[in-house]
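The values are calculated or read from the model by the stated rules, or taken from the named source; none is laboratory data. Because the structure is a prediction, the values reported are computed rather than measured. Surface accessibility is based on the protein's heavy atoms, side chains included, excluding ligands, DNA and RNA. Shrake-Rupley method; radii C 1.70, N 1.55, O 1.52, S 1.80 Å.
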Amino acid sequence: MSAPDALIAEISEQIVFQRKWKRVMSGAYFTASAAGILLGTTATIVAALDLSNLTLPWASMLAGGATVVYGLEKALLFREKWAHHLSSEMELRSLRVNLQNDVIEPKEGARKVGEIMRGYAVNLPIAPHRDEDG
């Protein structure tokens, strides 16, 4: 396998990785969002029906569940990770097209792959950004 072919194969492998995690994060984000909306809506309806005479406070439990789901989604940064994997995948796809069509040289392509992978590792959302003053 020639160096350009090996580079394109490596890029393709990285695209598969990014696509997999993009789908995982997308599914997690949309599942958490849908669950939070459903729990919150159900809590509102149950509270409006004034079912407070039941032995369990259903509206409060449903609202608490919605809060937990939204909190987990925000803490685990599903949306941000989904966007990050999408961006990384698209950068890699663009690079592969440029290499396959001789828009850039393999040496430049290899350098760019390194930049994309470093950027992936450095910029992967893992915690909320905080101001230096805060």
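Leaving ligands and nucleic acids out of the surface, order Val46, Val122 by accessible area at 1.4 Å, largest first.
Sorted by accessible area, descending: Val122, Val46.
Under a 1.4 angstrom probe, counting protein chains only, how are Val97, Val103 ranked by accessible area, largest first?
If we order Val97, Val103 from most to least accessible, we get Val103, Val97.
Can you list the HN-Hα couplings for the range 85-94, worked out from phi with the Karplus curve (6.51, -1.76, 1.60; θ = phi - 60°), rounded to whole Hz and with x for Gly and Pro?
So the Karplus estimates, Gly and Pro as x, are 5, 4, 4, 5, 4, 5, 4, 5, 4, 4 Hz.
Return one quarter of the surface area of the convex hull spanned by the alpha-carbon atoms of the chain, equal to its mean projected area, in nm².
For the chain, averaging the hull's shadow over all directions gives 12.1 nm².
Just to confirm, what accessible area per residue do you get for the chain at 1.4 Å probe, in whole Å²?
67
Using only alpha carbon pairs under 8 Å that are at least six residues apart, calculate the relative contact order of the chain and give it in whole percent. Please report the intermediate quantities before stating the final value.
Values: 112 pairs, mean separation 46.8, N = 134.
Here the relative contact order equals 35 percent.
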